[in-house]
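Following: one structure in structure tokens, then a few remarks.
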Amino acid sequence: MDLKVFYRKVRETEAGIAEAYPVVVSEETPDGGRAGVRSEVSREVAARMIVEGRARLATAEEAAEFREQALEAKRQAEAQAAASRVQLTVVSEAELRALKNALRPAKG
């Protein structure tokens, strides 16, 4: 393929993509590429993948579903990170009694 033609197609395809980071869906390729894998990529990368026949733009429903799954994965990762930051302090029985006595209101 002529490189000028290739890059012209890439530029034209890129100009037709509205989003800065569109979601693309991979196509099956002879070199082992799996079909149906969704990714969010830059407009330039999406255009190149489309021209090369390795991907297509995701439909609005596919893109919304992908972004919702990514958001849920982020929430779960943040929850795990927060859970790992929980701090525990081991207190001996004598220290516990001393703390309880310190917190009791004074009589009198």
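Tabulated values for the structure
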read-out: Selection status of A64, surrounded by 11 or more Cβ atoms within 10 Å (Cβ to Cβ), aliphatic (A, V, I, L, M) and modelled with pLDDT of 90 or more; value: yes
read-out: Filter result for E72 (over 30 Å from M1 (Cα atoms), acidic (D, E) and touching a Lys or Arg at 6+ places or on another chain (Cβ under 9 Å)); value: no
read-out: Which numbered condition E28 misses (of (1) modelled with pLDDT of 95 or more; (2) surrounded by fewer than 17 Cβ atoms within 10 Å (Cβ to Cβ)); value: (1)
read-out: Of all residues in the stretch 36-55 being touching a Ser or Thr at 6+ places or on another chain (Cβ under 6 Å) and more than 15 Å from M1 (Cβ to Cβ), the one that is surrounded by the fewest Cβ atoms within 10 Å (Cβ to Cβ); value: V37
read-out: Some residue of the stretch 81-91 being of a type in the set (S, T, N, Q), at pLDDT below 95 and not in a loop (DSSP other than H, G, I, E, B); value: yes
read-out: The one condition in (1) in a helix (DSSP H, G or I); (2) out of contact with any helix residue (DSSP H, G or I) (no Cβ under 9 Å at 6 or more places or on another chain); (3) among the aliphatic types (A, V, I, L, M) that A47 fails to fulfil; value: (2)
read-out: One residue from A46, A15, A55 being more than 20 Å from L71 (Cβ to Cβ), modelled with pLDDT of 95 or more and in contact with a Leu (Cβ under 8 Å, 6 or more places away or on another chain); value: A46
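Table: residues versus (1) without any contact (Cβ under 8 Å) to a residue 24 or more places away in the chain; (2) of a type in the set (A, V, I, L, M, F, W, C).
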position: E40; (1), (2): no, no
position: A46; (1), (2): no, yes
position: T89; (1), (2): yes, no
position: S92; (1), (2): yes, no
position: A98; (1), (2): yes, yes
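The values are calculated or read from the model by the stated rules, or taken from the named source; none is laboratory data. Please read these numbers as outputs of a predicted model, since none were measured by experiment. In this analysis, Cβ positions are derived from the backbone assuming ideal geometry, glycine residues included, and neighbour counts consider all displayed protein chains.
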